[in-house]
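Enquirer: For reference, the structure I am asking about is given below.
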Ligand code: FES
């Protein structure tokens, strides 16, 4: 099957970042690379007992209730082994499988370099993902960050630990930047759509300029738009 042949098609038109089949101009197609990593995942963890001493990170996605666990073995500050398990969908499996290859190839990526990887870097190696599935690819990346924090904690590099703390944007409804990030990852790409999901700014309109700035920031971060 070639990259342009669909295994799934949606009725929606393509969005920026989608992999588009030229003949159909629709945006819901998986590349051969995505399919390969989904059907033959690399570095999937079979037995947790072998990795009880590895550095471990876990995240859950509020978008779909899925969870991702990552185990790392690190030597000389390089990632020598990256194993993972998830309840996530095909896109989460394919993108985490690719991430595991990227950080362990060529003798292992230095930890700080791995932290600089962006969702678009994984996307580029996969040949793209439907834009609506980008939030799935973020699961592996967030679990990697959580496992690296475990490494920093256990190796005494406490000053390097980065914990994502939500910042309140809408003081009336107590809506944080993470709520807006999740809305953008779920496909809300305008203020109106983010408001439909979160109601942000309806109780405190003074925060709307900041919300618009955050929407631009997260669109650029995850979709390069
Ligand atoms: S991981 Fe939940 S929809 Fe992809």
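Enquirer: Take the Cα radius of gyration of region 85-225 and divide it by 2.2 N^0.38 Å, with N its residue count; two decimals is plenty. Let's see the in-between values first.
Expert: Numbers: Rg = 16.7 Å, N = 141, 2.2 N^0.38 = 14.4 Å.
Normalised Rg, Cα atoms only: 1.16.
Enquirer: Stokes-Einstein at 20 °C, 1.002 mPa s, Kirkwood radius from Cα pairs: D for region 168-223 in µm² s⁻¹?
Expert: Details: Rh = 10.7 Å.
Rounded, D is 200 µm²/s.
Enquirer: Using 0.36 nm times the number of residues separating residue 113 and residue 162, minus their current alpha carbon distance, what extension gain do you get?
Expert: Fully extending the segment from residue 113 to residue 162 adds 16.2 nm.
Enquirer: Suppose R0 equals 35 Å. What FRET efficiency, 1/(1 + (r/R0)^6) with r the Cβ-Cβ distance, do residue 172 and residue 49 give to the nearest 0.05?
Expert: Step by step, r from the Cβ atoms, then E = 0.10.
Enquirer: Equivalent ellipsoid semi-axes for region 116-177, as square roots of 5 times the alpha carbon gyration tensor eigenvalues: give them largest first, rounded to whole Å. Walk me through the numbers before you get to the answer.
Expert: Numbers: eigenvalues 122, 104, 12 Å².
Over the Cα atoms of region 116-177, the semi-axes work out to 25, 23, 8 Å.
Enquirer: What's the FRET efficiency of residue 154 with residue 39 using the Cβ-Cβ distance as r and R₀ = 45 Å, to the nearest 0.05?
Expert: Details: r = 35 Å, r/R0 = 0.78.
Efficiency for this residue pair is about 0.80.
Enquirer: Here's another thing I want to ask about it. If the chain between residue 58 and residue 196 were fully stretched, how many nm would it gain, using 0.36 nm times the residue separation less the Cα-Cα distance? Show your work: numbers first, answer last.
Expert: Values: separation 138, 0.36 × 138 = 49.68 nm, distance 2.94 nm.
Going from the current span to full extension adds 46.7 nm.
Enquirer: Based on the mean of other Cβ atoms within 10 Å per residue, sort peptides 212-221, 160-169 so the most packed one is first.
Expert: 212-221, 160-169
Coordinate-derived values only; no laboratory data. The shown structure was predicted, so the numbers you read here are calculated from the model rather than taken from an experiment. Neighbour counts are summed over all protein chains in view; Cβ atoms, including those assigned to glycine, are modelled from backbone coordinates with ideal geometry.
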